[in-house]
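The values are calculated or read from the model by the stated rules, or taken from the named source; none is laboratory data. As the structure is a computational prediction, the values presented were derived from the model and not from experiment. Using ideal geometry, Cβ is built from the backbone for each residue, glycine included, and neighbour counts are taken over all protein chains shown.
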Amino acid sequence: MRLDAEMPFFFGPDSGLFGMYHAPAFPPRRAMLMCPPLGQDLIRCHRLYRQLAQALAEEGMAVLRFDYYGTGDSAGDSAEVNWERCVSDATTATAELRRRAGVDRVIAFGARLGGSIALTAAERARFSEVIAWDPVLEGERYVAELDAMQAALREDAGRFNRPRSHSDVAEQWLGFDIGETLRRQLSSLRVAPANVPTLVLDSMPASPDPRWERIVSQRGKVATIAPPTPWDDLDRLETAILSHPLIQAVTGRLKEVA
Amino acid sequence: MMREEAHRFGRARHLVGIAGIPEGARGETGVIVLNAGLVHRIGPFRLHVELTRQLNAAGYPTLRFDLSTLGDSAASGGQLTRTQQVCADLDDAMKLLSERAGCERFVLFGLCSGAQNAHVVAATDPRVSGAVFLDGYAFRTLGYKLRHYLPRLIDPGRWARRLMRRAGGAPATPKAAAQPIFAVAPAPREEVIADFTGMVGRGMKLYLVYSGGISNYFNHARQFRECFGKVMNHPAVTTRYAAETDHTYILTGDRARLLDGVGGWLSRNFPPASAGRHS
């Protein structure tokens, strides 16, 4: 691995966005923007995103990983995370990736809310394709799940010696301050289909209800990844999410459409 | 005003970190933050980002970075043991902060395995003037066992449940085994005490903060003294037991109290010459 091919840097408004650019050995023909999820999922997926970026760079793609404003190493507090700003940051990052890689064709990848952001930004950022891994499509249900996990966290005997007060856990989701704006934005979120080829990688637990039809009916398809990913398991909240099948699925897809 | 810089650095350019440099902070004590477990440099729930920015605002240069093979850092390609590699990585980190902000002395901050790694370097490197150990080395003492088991022995409800089970009543509900996310490998107690004694002997300041999240081997403020003896009474040592918090400070109020404690300890022991010039 060429270490200098992975360069950390700041970019964007006031140089406040953190990025890690993975340059391939030869001039690339296409590039991938990796949109991270939010909250604890971002931390849990960090290793996997790096592994996937390295695998893609070895296949000749330029790759940019980055953090939205208020997340990771980027400027801003956790309470300032804003959905519109995340989508706008993804667009800013795409422009930075095009400039660095010298290509126009950019594919976006994202896990959970990262997939939702990639789908939402697809038109504005002119992605040629979106690969979304278990994206969140209906925000209201997702917010209810986070609220339920936060309520369970309050009395998690594996974590605290005594249950904590309601005020101790208020206005937070699983380790992060949540602003009223983000809560409102996510509560009303309904991700629309992207007008580009879309691949949904599904590793959610089996469900009798159709999950993805709404966003893949026109220009998309769904591929299943096993085993299911434990996104919502409070006992594994601090366990990294690693998935060799996910890396194989993404690299395989990109070979198909090379 | 402060700025954050992204760096790839180290003897093999294998390390990645973010330096926070307050304006005009030349020659101040630098604070270096080590990985907690396998979490990358931002720390559990972004603890390290919040910490370093708060310290930057108080005038301290900081570096949060990934040790070899963790986060975005690669292996150095050398033939070093893990301990030697940690020392080499910290040497690289101190050199970087020295170049960027003129730091000559350093405070190390580590949670769990980060505390263990900080301990190893603090025990051997004269440039380290202080350390903040969160849930670092500890031992189950007699006091721990009495505090842990005695209340259970005299709890009639517990005995009643046990007798019920014996009599074929309601089966015990099996609790899923805890996932070992973070762990501090044990070291001989005498060795740890000798290290602490050596550290304060050469003028280092220590801040030990242990949480309720390690109640399987630490359960009272008195246990600092029970574990490490009279060196814990040395004026250079400050201890705090935060029984209510968890191991990784998942609640933002707990994190804020931790960071205020660290900031206060730093300002008392390493007052920045440029204090008051920063906002």
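Identify the residue in region A:181-232 that is in contact with a strand residue (DSSP E or B) (Cβ under 9 Å, 6 or more places away or on another chain) and hydroxyl-bearing (S, T, Y) and, among all such residues, is surrounded by the fewest Cβ atoms within 10 Å (Cβ to Cβ).
A:T224
Looking at B:R82, is it of a type outside the set (S, T, N, Q) and out of contact with any Ser or Thr (no Cβ under 7 Å at 6 or more places or on another chain)?
On the way: of a type outside the set (S, T, N, Q): yes; out of contact with any Ser or Thr (no Cβ under 7 Å at 6 or more places or on another chain): yes.
The answer is yes for B:R82.
For region B:55-68, state whether one or more residues are assigned to a loop (DSSP other than H, G, I, E, B), within 14 Å of chain A (Cβ to nearest Cβ) and at pLDDT below 95.
no
Which number in (1) out of contact with any Pro (no Cβ under 6 Å at 6 or more places or on another chain); (2) more than 14 Å from chain B (Cβ to nearest Cβ) marks the one condition that A:V81 misses?
Failed condition: (2).
Report, by residue number, each residue of region B:11-42 that is within 9 Å of chain A (Cβ to nearest Cβ) and either among the polar types (S, T, N, Q) or assigned to a loop (DSSP other than H, G, I, E, B) (or both).
First, pick out the residues of region B:11-42 that are within 9 Å of chain A (Cβ to nearest Cβ): B:12-14, B:16-18, B:37-42.
Residues satisfying the conditions are B:A12, B:R13, B:H14, B:G37, B:L38, B:V39, B:H40, B:R41, B:I42.
I'd like to know if region A:126-142 contains one or more residues that are closer than 29 Å to A:S88 by Cβ and within 12 Å of chain B (Cβ to nearest Cβ). Even if it seems obvious, please write down each step before you answer.
Step one: list which residues in region A:126-142 are closer than 29 Å to A:S88 by Cβ, which gives A:126-142.
Filter once more, so that each one left must be within 12 Å of chain B (Cβ to nearest Cβ): none.
Scanning region A:126-142, I find no residue that is closer than 29 Å to A:S88 by Cβ and within 12 Å of chain B (Cβ to nearest Cβ), so the answer is no.
Among the candidates A:G102, A:G76, single out the residue that is under 25 Å from A:I178 (Cα atoms) and either among the hydrophobic types (A, V, I, L, M, F, W, C) or at pLDDT 95 or above (or both). Step through it out loud before you land on a result.
Details: A:G102 fails: under 25 Å from A:I178 (Cα atoms).
After ruling out the rest, the residue left standing is A:G76.
Scan region B:94-101 and give yes if some residue there is within 14 Å of another protein chain (Cβ to nearest Cβ) and not aromatic (F, W, Y), otherwise no. Even if it seems obvious, please write down each step before you answer.
Here is the first cut: in region B:94-101, the ones within 14 Å of another protein chain (Cβ to nearest Cβ) are B:96.
Among the residues that remain, those that are also not aromatic (F, W, Y) are: B:96.
Taking every residue of region B:94-101 in turn, at least one turns out to be within 14 Å of another protein chain (Cβ to nearest Cβ) and not aromatic (F, W, Y).
Which of the residues that make up region A:21-38 are more than 17 Å from A:A258 (Cβ to Cβ) and surrounded by fewer than 23 Cβ atoms within 10 Å (Cβ to Cβ)?
A:Y21, A:A23, listed by residue number.
Quick check, is B:P126 surrounded by fewer than 21 Cβ atoms within 10 Å (Cβ to Cβ), in contact (Cβ under 8 Å) with a residue 40 or more places away in the chain, more than 14 Å from every other protein chain (Cβ to nearest Cβ) and at negative phi?
Values: surrounded by fewer than 21 Cβ atoms within 10 Å (Cβ to Cβ): yes; in contact (Cβ under 8 Å) with a residue 40 or more places away in the chain: yes; more than 14 Å from every other protein chain (Cβ to nearest Cβ): yes; at negative phi: yes.
Against the criterion (surrounded by fewer than 21 Cβ atoms within 10 Å (Cβ to Cβ), in contact (Cβ under 8 Å) with a residue 40 or more places away in the chain, more than 14 Å from every other protein chain (Cβ to nearest Cβ) and at negative phi), B:P126 qualifies.
Report, by residue number, each residue of region A:212-254 that is among the hydroxyl-bearing types (S, T, Y) and either in a loop (DSSP other than H, G, I, E, B) or over 30 Å from A:R29 (Cα atoms) (or both).
Step one: of region A:212-254, the residues among the hydroxyl-bearing types (S, T, Y) are A:217, A:224, A:229, A:239, A:243, A:251.
If the condition is that a residue be among the hydroxyl-bearing types (S, T, Y) and either in a loop (DSSP other than H, G, I, E, B) or over 30 Å from A:R29 (Cα atoms) (or both), then A:S217, A:T229, A:T239, A:S243 are the ones that fit.
Quick check on region B:190-208. Is at least one of its residues on the phi > 0 side of the Ramachandran plot and within 18 Å of the chain's Cα centre (by Cα)? I'd like the intermediate steps shown before the answer.
Pass one, region B:190-208, residues on the phi > 0 side of the Ramachandran plot: B:203.
Then drop every residue that is not within 18 Å of the chain's Cα centre (by Cα), which leaves none.
Checked region B:190-208: no residue is on the phi > 0 side of the Ramachandran plot and within 18 Å of the chain's Cα centre (by Cα).
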